[in-house]
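Taking it in order: structure first as structure tokens, then the write-up.
What follows draws every value from the coordinates through simple rules; no lab data is involved. Here the structure is a predicted model, which means the values were calculated and not measured. Counting neighbours? That spans all protein chains shown, and the Cβs are built from the backbone with ideal geometry, glycine included.
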Amino acid sequence: MNRIIALVVLVILLSSELSYSQCCSSGSPVGATVYVGVLAPNNLRFVAYYRNSYSNTYYQGSSKTEENVPLKFSYYNFTGISFSYGITKRLTAEIDFGYFLNKTQEFKYIDFKETGYGFTDGGVGVKYGIFIKPSRQIELTAGAGFRYPFTTKPQELDRVQLARDVQPSTNAFAVNVMLFFNKGWPSVGIRLFTVNRFEYNFADKLHYQYGSMLLNSVFFSKKIIPYFFAILQVRGEWRTHDNDFNDIYENGSSIRPNSGNYLLILSPQLSYSIAGKWNVSVLYDIPVYKYYNGKQLTPKYSFAVSVSHDFDLSRKKPKINIETLPK
């Protein structure tokens, strides 16, 4: 019965007007990438996080540029939530959604600021533990999922459609696959794990298609004291060009020149478990290498705070008091 109740809760959340997060023009603000393994049966994991990002520097290729740049800066404040549920010891289902408190850009040469806000696209996925050895702290898990829009209509303000860079949603569907590997050494309090994710975006009803994304992360975790961990993440993000099928650019194709990039990011993180139950984490993203196709505004910094908790929904056997048994 507990398993059925948890699945019903997931369905209700899927049908609500909530969605998965987007970053800049497309993609997802990374806020809870540590919590990616499969769960025990009838366990429900809740993760909530907040992310802030600020951008004020243009890049052309791997070099800074200030030539003919339209924006002074851009920034966003994002909140996200995910739920994961262990169906079996190897199969876990999950959903993600989020809300942009604001997604703002201010122009450099004119007195104009543009802001979008609201729910993003919904995300659903499943993960399967291919190889799990708890005694040796080894796990190899594969996953797949999709993202769907709650509306295919771009956001408008005073009947004027907002620019794509401040839209809270892609207004389009996407599919993704994931591969996760974990290895721990409990005797020395060290854990090493990797997350690899690929996402493919379909075109929206306006015939615009955001580029595909490949994300590769390596995490190194070390226990400092009981319940307190230091984590270092090295993350590579690769995005292909966007396609605007309504336009032909100077390159003679629908490929948007000022789109697509490669980023190498160093992300230190601290995690503390309150009484071994509620986990609180903070992280700070430091871009160490940037390469952008064409000319694009790039992130200067980004930080996130997350909270997680696992709920055991399995039916526990009642305790029997031997003294009260009939003789």
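The table for this structure:
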item: Cα-centre dipole for the range 2-314 with unit charges at Cβ (Lys and Arg positive, Asp and Glu negative), debye to 20; result: 1200
item: Binned Cα-Cα distance frequencies in the range 80-213 - 10 Å width, integer %; result: 11, 30, 27, 18, 10, 3, 0
item: Charge sum, other residues only, whose C-beta stays under 15 Å from residue 75's C-beta, Lys/Arg counted +1 and Asp/Glu -1; result: +2
item: Estimated 222 nm signal from helices in the chain, with DSSP H stretches of n ≥ 4 weighted -39500 (n - 2.57), rounded to 500; result: -1500 deg cm²/dmol
item: Projected-area average for the range 89-167 over all orientations - Cα convex hull basis, square nanometres; result: 8.2
item: Formal net charge of residues neighbouring residue 38 (Cβ-Cβ distance under 9 Å; K, R +1; D, E -1); result: +2
item: In degrees, nearest ten, helix 2-15 long axis to first principal axis of the chain (Cα); result: 10
item: Value of relative contact order over the chain, rounded to a whole percent, pairs C-alpha under 8 Å and six or more apart; result: 18
item: Environment charge of residue 174, counting only residues whose C-beta is closer than 12 Å and scoring Lys/Arg +1, Asp/Glu -1; result: -1
item: Size of the chain as Cα extents on the principal axes (Å, biggest first); result: 90, 42, 35
item: Listed residues 229, 280, 149: farthest to the positive end of the dipole of the range 148-296 (Cβ charges); result: 229
item: Distance from the range 283-297 to the range 147-185 (C-alpha centre basis), Å; result: 20
item: Positive-end residue, the chain charge dipole about Cα centroid, Cβ charges, pick of 249, 129, 99; result: 129
